[in-house]
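Structure first, then comments.
The values are calculated or read from the model by the stated rules, or taken from the named source; none is laboratory data. Just so we're clear, the structure is a prediction, and the values are computed from it rather than from any experiment. Here Cβ is always computed from backbone atoms with ideal geometry, including for glycine, and neighbour counts include all displayed protein chains. The area values use the complete protein model at the heavy-atom level, side chains included, leaving out ligands, DNA and RNA. Shrake-Rupley method; radii C 1.70, N 1.55, O 1.52, S 1.80 Å.
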Amino acid sequence: GVTLLRELLQNADDARASAASFCLDRRAFSVDPADFAFPGLAPLNAAPALLVHNNASFTDEDFEGILNIGSSVKRARRAATGRFGIGAQAMYSVTEVPSLVSADSILYFDP
């Protein structure tokens, strides 16, 4: 709960975002697996969702860091708020299928 929100705010701060917002969507949906690029993920996307937005975009370094779980690119940056945190891994505390959108990229993390 609180750890996840703290991590996501640290990520927004490190990206130099000037705003961040959170929305808890408690709705559940019936889904047709045929509508998904990866049909096996359909049931996992029918559940309630936590939507998080900030007004910054990922850099190439950010994408490198999130794709290489366990090796933080922020540790070397002394001014990075999240240099000691667990970063995007915190998303797994509330979902089996974390995903993110930044600029023209979308990532779905395979459980």
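For the structure I just gave you, tell me whether Arg16 is under 18 Å from Asp62 (Cα atoms), open to solvent by 50 Å² or more (accessible area, probe 1.4 Å) and assigned to a loop (DSSP other than H, G, I, E, B). Answer is yes for this residue.
Might you check whether a residue that is modelled with pLDDT under 90, β-branched (Val, Ile, Thr), more than 23 Å from Thr95 (Cα to Cα) and touching a helix residue (DSSP H, G or I) at 6+ places or on another chain (Cβ under 8 Å) occurs anywhere in the stretch 63-84? Within the stretch 63-84 (the criterion being modelled with pLDDT under 90, β-branched (Val, Ile, Thr), more than 23 Å from Thr95 (Cα to Cα) and touching a helix residue (DSSP H, G or I) at 6+ places or on another chain (Cβ under 8 Å)), the answer is yes, since at least one residue qualifies. Residues that are closer than 23 Å to Glu96 by Cβ, in a loop (DSSP other than H, G, I, E, B) and open to solvent by less than 70 Å² (accessible area, probe 1.4 Å) within the stretch 19-42 comprise Val31, Phe36, listed in sequence order.
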